[in-house]
Amino acid sequence: MNEMRLIVDPPARGTWNMAVDEAILRGAVDLGMPTLRFYSWSEPTLSLGYFQKVGDRQRHKASLDCVCVRRASGGGAIMHDRELTYSFVAPVRDSRSEETTRWFDLFHETLIDVLAKWGINAHLSGKPQAKTTVEPFLCFQRRHEVDVIVDDNKICGSAQRRHQVAVLQHGSVIVQQSPCAPELLGLEEITGQKISVEMLSDQWQACLKSTFQRSYTQLPLTDKEIESAQLIESAKFAHPDWTHKR
């Protein structure tokens, strides 16, 4: 079977978005095909990386009034507001294989190709961030080799969560500057072009379809996945013990 499920979701609360990603990850083997999901957020939401301390959000005054969730993946905090978020989940034989690590390059290189169609010169960072005593709180102020850069601004970063037989990768593209993270410029402010979330999603879908050489099947979440996501949301991502675990 050479198919990949495509889901394009409407804006949703942060705890639900996180729970859906995890439910898809847990059910990846049963589904038997990869799932590519694009989504956005119903309100400005700060997501902490798994290892970040919740008290560290006091360092970022502009987002203090925003809803806060904790991701299951690592990295710095992300201000989810005027952006496009994607997730990709696939069953794998070896969750730490070179093939799954290559997903970072695959998604970021296809994004670079898409942006080039609008005349935007994007590239991979190619160099790690210089070591500092205290890492920047925000993910988009950190640099890794595979981050996507436009005019020295990071506009896309991704992270992975691995199970034994499946891997989740998710990431964000800043489309516009958020009032809740004014230090980060979006594509519109950097390039002067108005590229909507829908336009970016459509073009990226087409490029990824060609790269993966798979056909899309637009199937919704299964009843089992929805039930799983509801349980995960209430017991984990919406629970204070999870958010404040560090």
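The values are calculated or read from the model by the stated rules, or taken from the named source; none is laboratory data. It should be emphasised that the depicted structure is a prediction, and the values quoted were computed from it without experimental measurement. For neighbour counting, all protein chains shown are included, and Cβ atoms are generated from backbone atoms with ideal geometry for every residue, glycine included. Just the protein is used for accessible areas: all its heavy atoms, side chains included, with ligands, DNA and RNA removed. Shrake-Rupley method; radii C 1.70, N 1.55, O 1.52, S 1.80 Å.
Please verify whether Leu111 is under 16 Å from Ser178 (Cα atoms) and either open to solvent by less than 30 Å² (accessible area, probe 1.4 Å) or in a loop (DSSP other than H, G, I, E, B) (or both), treating the condition exactly as stated. Walk me through it before giving the result.
Details: under 16 Å from Ser178 (Cα atoms): no; either open to solvent by less than 30 Å² (accessible area, probe 1.4 Å) or in a loop (DSSP other than H, G, I, E, B) (or both): yes.
Criteria not met by Leu111.
Do we have any residue at all in segment 83-104 that's more than 12 Å from the chain's Cα centre (by Cα), more than 24 Å from Glu225 (Cβ to Cβ), at pLDDT 95 or above and of a type outside the set (Asp, Glu)?
No, segment 83-104 has no match at all.
If you take the residues of segment 176-204 that are open to solvent by less than 30 Å² (accessible area, probe 1.4 Å) and assigned to a loop (DSSP other than H, G, I, E, B), which of them is nearest to Cys66 (Cα to Cα)?
Result: Cys180.
Within segment 1-30, can you find the residues that are open to solvent by less than 40 Å² (accessible area, probe 1.4 Å) and in a strand (DSSP E or B)?
The first filter runs over segment 1-30 and keeps only residues open to solvent by less than 40 Å² (accessible area, probe 1.4 Å), leaving 4-7, 12, 14-15, 17-25, 27-28.
Those that are open to solvent by less than 40 Å² (accessible area, probe 1.4 Å) and in a strand (DSSP E or B): Met4, Arg5, Leu6, Ile7, Ala12.
Identify, please: which residue in segment 31-45 is outside any loop (DSSP other than H, G, I, E, B) and touching an Asp or Glu at 6+ places or on another chain (Cβ under 9 Å) and is, among those, farthest from Ala206 (Cα to Cα)?
If we filter segment 31-45 for residues that are outside any loop (DSSP other than H, G, I, E, B), which is where we start, we get 31, 35-39, 41, 45.
This time we only want the ones that are touching an Asp or Glu at 6+ places or on another chain (Cβ under 9 Å), so: 31, 37-39, 41, 45.
Working: Leu31: 22, Arg37: 13, Phe38: 13, Tyr39: 16, Trp41: 23, Thr45: 28 Å.
Once the filter is applied, the top-ranked residue is Thr45.
Any residue that is over 20 Å from Tyr39 (Cα atoms), open to solvent by less than 60 Å² (accessible area, probe 1.4 Å) and not in a loop (DSSP other than H, G, I, E, B) - is there at least one of those in segment 238-246?
Keep residues of segment 238-246 that are over 20 Å from Tyr39 (Cα atoms), which gives 239-246.
Filter once more, so that each one left must be open to solvent by less than 60 Å² (accessible area, probe 1.4 Å): 242-243.
Add one more test, that the residue is not in a loop (DSSP other than H, G, I, E, B), and what stays is 242-243.
Looking for residues that are over 20 Å from Tyr39 (Cα atoms), open to solvent by less than 60 Å² (accessible area, probe 1.4 Å) and not in a loop (DSSP other than H, G, I, E, B), one finds at least one in segment 238-246, hence yes.
What are the residues in segment 148-175 that are part of a loop (DSSP other than H, G, I, E, B) and either under 16 Å from Phe88 (Cβ atoms) or open to solvent by 20 Å² or more (accessible area, probe 1.4 Å) (or both), if any?
Going through segment 148-175, the residues part of a loop (DSSP other than H, G, I, E, B) turn out to be 151-152, 163-165, 175.
Selection gives Asp151, Asp152, His163, Gln164, Val165.
Quick check on segment 115-147: of everything there that is surrounded by fewer than 19 Cβ atoms within 10 Å (Cβ to Cβ) and acidic (Asp, Glu), which residue is farthest from the chain's Cα centre (by Cα)?
Glu135
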